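Values in this text are rule-based calculations from the coordinates and carry no lab data. Please read all numbers here as calculations on a predicted model, not as lab measurements. As a convention, Cβ positions derive from the backbone with ideal geometry for all residues, glycine included, and neighbour counts pool all protein chains shown.
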Amino acid sequence: MITPWIRRHRKSSKSVSSQGLMLPGHRMPRIRRRRNPVSGLTNQGLISPSDWKRPSVRWGVGATHMLLLVALVVIGLGPLLWLAKAAITPTNDIFNHPLSLTFAHGAAWSNLRTAWSTVQVGHYLLNTIEICFGSWLVQLTVATTGGYVLSVLRPRYARVVTAMLLVTLFLPAIVLLVPLYLMIVNPPLIHHSFMNSYWAVWLPAGASSFNVIIMKRFFDNLPRELFEAARIDGAGPVRLFFSVVLPMSKPILGVVSVFAFIAEWKNFLWPFLVLQDPNKQPISVRLPAIAGQTQLGVFLAAMLIACIVPIVGFLIFQRSFLRGSGLGGAIKG
Amino acid sequence: MDTANPTASDMSAGSLGATEPGRARVHYHRRRTPVTWVRSGGLTTLLFALPLLLIFGAFSWYPMVRSVFLSMEMTPNLVTYTWVGLDNFRYVIHDPLLPIAVKNTAYFAFLALIFGYPIPLVAAVLMSEVRRHRGFYSALAYIPVVVPPVVSVLLWKEFYDGSVTGVFNTILGWVHMGPYAWLSSQQMAMPALVVESTWANAGGTVIIYLAALIGVNSELYEAASVDGASLWRKVWHITMPQLRGVMLVTLILQIIGTAQVFLEPYLFTQGGPNNKTLTVMLLIYQYAFGSSVGSGFGYATALSLMLAAFLALFSLIYLRATRSWSSE
């Protein structure tokens, strides 16, 4: 009755829950074979195989899924499709017939051109990319080295540091808003304002305890025997880090990377506060500022450009995204 | 304790209360645990720990301590600090805007629960039964999450256009309703914000539920089918109890998130109309950066500390919930 596939699955689903934190990437060979992290769900789900054979069940389920698909497309994708259409529609047409599916007065591709050149969306996009790249680098450096110290090297102060990380894990970001701002404007010891410098965004981004903790938990699950073997072969801690731990951690590095990038792309309040020079601002900070002084069509084109990069990035790195957001509910102390 | 095993000595580190990587610690190791990598690796370890210690020290731990002091100081010009004790807290508590902001935030959180809590759950349970192209479904659900919040808010602001030719008013016009004022209506502004926020965030919750549904033991479904349980009974008696832990976690995460809502009221309505969408976060922002930068920093930190203390309660529940859930 139970096919080998199901047996294998059941076994693995048990080991997932007994690990506590769901890091599917830990069993790397299996993950690679899968096309999507959530596609390996139970074959025997709510609807049993015998139920499946009944036409009424098949039709019912099929219709429900069709409905779900339509709802997802209309509600989830609809607003973005509207944005894509409106971005190439003349402003007057958007005002008069916002829901028209056709172009009454032709498509206005010039919207995109104007947004890119006159509104300088390209320039702000480059700013955003620069900010994202720096934040990503800082976050990855802190998370990998920190996770390595706390999980593998484990000095005596590791426990204290871990405890302090857990304290900050649930600290709402808002508590730090003002003291962080003061830290940037008038840092102690250095006495040089970081206002309008990208360091003001890059460095605080590194203080993400979530990153360090998921990294540490991933390292915790790597086989210790391998570290011992490397040590016996004469690898020092530096060599162990670069040649053993990092290459084995590609899945989690992918997860942390996509989230670092997307989080910074979505960020508004902090860059808005510390980057007051319009030339240095990222696109998300510029958009509200140019909203009032730009033609609607051109403005919507600018918004479309601003969200195309993360959407395309998501579609490419879908696997890392969906794997990572499952982690959201699974951090434990 | 006096052992050559590095892990055992690590275990005792906590009980010894080792706080700082002082010199004494290295000597201790040199004398007692002659393991090569510990003896020679102390400095390397510290170098590896340095990025974490510096970044968190400067941008997390120090500001945390600083905020406690700031909440009891006045900073009229970012240079001089005057100790005022609990005056800031007194000012904030007696500010007539505070009860309004608290009420609005609670209202936002409540509406977000009504709209945003059941939808992802139902969607995830339905999606978990999709046999082909499930990845396509979850990608569709997740796309709004990667759209920058600024873009989604400004986009929905267009949708909420109050004129007859606004997007939503046009749709409602087809069934002869409206036009509604949406964002400039005192009754509709807050629900409008919540609908946008639900659209922007629900996908993330769907994926958390989907990940949790992997963990539901298929044997239970098999057994229930053998016993002749109907679909609803399976949903009610197997799926839901198995998801209980995750449902608590998403609930807490959502409350923590909505209590800090800022972008929607800031970009949609600036707190209006008539302070109907003024949230606690927006009030904190207005204290700190609203009029003249600096003069209200004390008030802002005082209020954020109060908010943090309130949220700490939920964080504790969260920690307990995840612990029991993942040890199941």
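Residue-wise HN-Hα couplings along the range A:258-266, as the Karplus relation 6.51 cos²θ - 1.76 cosθ + 1.60 with θ = phi - 60° gives them from phi, are 5, 6, 5, 5, 5, 4, 6, 5, 7 Hz; Gly and Pro carry x. Inter-chain neighbour count for B:61-70: the average number of beta-carbon atoms from partner chains within 10 Å of each residue's beta-carbon is 5. Here, the range A:139-209 yields an orientationally averaged convex hull projection of 5.6 nm² when only Cα atoms define the hull.
Let a ≥ b ≥ c be the square roots of the eigenvalues of the Cα gyration tensor of the range B:38-89; is it rounded (a/c under 1.5), or, if not, prolate (a/b larger than b/c) or oblate?
Prolate shape, in that a/c is at least 1.5 and a/b is the bigger ratio.
Taking other Cβ within 10 Å of each residue's Cβ, how do B:225, B:185, B:292 sort, fewest first? Can you show the working numbers first?
Working: B:225 19, B:185 16, B:292 9.
Ascending number of Cβ neighbours within 10 Å: B:292, B:185, B:225.
When the range A:121-327 is described by a simple charge dipole with +1 on each Lys and Arg Cβ and -1 on each Asp and Glu Cβ, the residue from A:257, A:305, A:284 located farthest towards its positive end is A:257.
Close amide H pairs (under 5 Å, H built 1.01 Å from N) link residue B:162 with no residue at least 5 positions away or on another chain. Going by neighbour counts of Cβ atoms within 10 Å, the residues B:196, B:219 line up, fewest first, as B:219, B:196.
Normalised by the number of residues in the range B:89-326, the average gap of Cα pairs under 8 Å and 6 or more apart makes the relative contact order 27 percent. One way to sum up the overall shape of the range B:89-326 is the equivalent ellipsoid from its Cα gyration tensor, whose semi-axes run 37, 25, 14 Å, largest first. Filter A:85/B:276; A:53/B:234; B:157/B:276; A:216/A:266; A:216/A:280 down to the pairs with a C-alpha to C-alpha distance above 23 Å, please. Over 23 Å Cα-Cα: A:85/B:276; A:216/A:266; A:216/A:280. Each label was represented as a point 7 Å from its Cα along the Cα-to-Cβ direction; for residue B:275 and residue A:105 these points are 4.4 nm apart.
Dividing the Cα radius of gyration of the range A:121-327 by 2.2 N^0.38 Å, with N the residue count, gives 1.17.
If you place +1 on the Cβ of every Lys and Arg and -1 on the Cβ of every Asp and Glu, how big does the dipole about the Cα centre of the range B:89-326 come out, in debye to the nearest 20?
Numbers: 12 positive and 9 negative charges, 70 e Å.
That gives a dipole near 340 debye.
Applied to the range B:267-277, the Karplus parametrisation 6.51 cos²θ - 1.76 cosθ + 1.60 on θ = phi - 60° returns per-residue 3J(HN,Hα) values of 7, 6, 10, 6, x, x, x, 6, 6, 6, 10 Hz, with x for Gly and Pro. For residue B:73, the amide hydrogen comes within under 5 Å of the amide hydrogens of B:84, counting only partners 5 or more places away or on other chains and with H modelled in the peptide plane. Neighbour counting of Cβ atoms within 10 Å sorts the residues A:285, A:57, A:212, fewest neighbours leading, into A:57, A:285, A:212.
The ellipsoid equivalent to the alpha-carbon distribution of the range B:220-284 has semi-axes of 44, 12, 7 angstrom, derived from the gyration tensor eigenvalues as √(5λ) and listed largest first. Across peptide B:243-250, the average count of Cβ atoms from other chains found within 10 Å of a residue's Cβ is 2.
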